[in-house]
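Readers should treat all values here as calculations from the given coordinates under stated rules, not as data from a laboratory. For clarity, every value in this text was computed on a predicted model and none was experimentally measured. Note that each Cβ is placed from the backbone with ideal geometry, even for glycine, and that neighbours are counted across all protein chains shown.
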Amino acid sequence: MQRTLVIFKPDCVHRRLVGQILSRFEAKGLAVVGLKLIQVDRALAEKHYAEHAGKPFFEGLIGFITSAPVVVGVLEGNEAITVVRTLLGATNGVAAAPGTIRGDYSSSKQNNLVHGSDSPESAEREIAMWFKAGEVASFTPAGSEWVIGG
Ligand code: UDP
């Protein structure tokens, strides 16, 4: 079992797509083990996107992610990091394949609805950055044996 961090970005919250997109993750077999709506401050935004500091889109990205509340979650499941990234599709919504979340709902490089951790190291760092220990649950969702087999 693997955990990954997802952020339903301000465009997703404004467009009332949080429920629909969360449903796609759940339908794929991922379990929600942490979830909350928060207003991100600049310090957390800069920390989360530290690898992009100095890039031309950085200031716009920080302004975007702090402009309205986000819903942040921890999803757990088999190969959760890859599964989420595959469902999300390419970063740029214009180029993202139809059938992916960004391909179906986004036409923007920046406003691409959802963040997903890109490696086990990032997932661990990001979950610790966004959630306190007691906010992430540990349990075995019923029926897990039907989601993962073979
Ligand atoms: N982004 C942007 N302009 C760009 C590239 C990225 O505004 O040219 C934003 C976009 O919201 C993206 C985030 O910066 O999701 C982080 O970029 P990354 O390359 O890590 O993409 P991701 O892992 O989210 O697909």
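Numerical summary
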{"quantity": "Table column - 3J(HN,Hα) (Hz), segment 81-91, Karplus curve with 6.51, -1.76, 1.60, x for Gly and Pro", "calculated": "5, 5, 4, 5, 4, 5, 5, 5, x, 4, 4"}
{"quantity": "Hz values of 3J(HN,Hα) by residue in segment 23-28 - Karplus curve (6.51, -1.76, 1.60), Gly and Pro given as x", "calculated": "4, 5, 5, 5, 4, 6"}
{"quantity": "Gaussian network model of the chain, springs between alpha carbon atoms under 10 Å - residue of 64, 139, 131 with greatest fluctuation", "calculated": "139"}
{"quantity": "The chain, helix-only ellipticity at 222 nm - DSSP H runs n ≥ 4, -39,500 (n - 2.57), divided by all residues, nearest 500", "calculated": "-10500 deg cm²/dmol"}
{"quantity": "Dipole in debye (nearest 20) - the chain, about Cα centre, beta carbon charges: Lys, Arg +1; Asp, Glu -1", "calculated": "380 debye"}
{"quantity": "Per-residue Cβ neighbour rank within 10 angstrom, fewest leading, 41, 118", "calculated": "41, 118"}
{"quantity": "Least to most buried among 74, 147 (fewest other Cβ within 10 Å first)", "calculated": "147, 74"}
{"quantity": "Part-to-part distance (alpha-carbon centres) for segment 118-147 and segment 28-51, which is given in Å", "calculated": "12 Å"}
{"quantity": "Hull-based mean projected area of the chain, where the convex hull spans the alpha carbons, in square nanometres", "calculated": "9.0 nm²"}
{"quantity": "Scattering curve values for segment 33-84, log₁₀ I(q)/I(0), Debye with Cα scatterers, q = 0.19, 0.22 Å⁻¹", "calculated": "-0.76, -0.88"}
{"quantity": "Backbone HN-Hα couplings from phi across segment 143-150 [Karplus 6.51/-1.76/1.60, Hz, Gly and Pro as x]", "calculated": "x, 4, 5, 7, 7, 10, x, x"}
{"quantity": "Test item: Cα-centred dipole of segment 107-150, Lys/Arg +1 and Asp/Glu -1 on Cβ, debye", "calculated": "180 debye"}
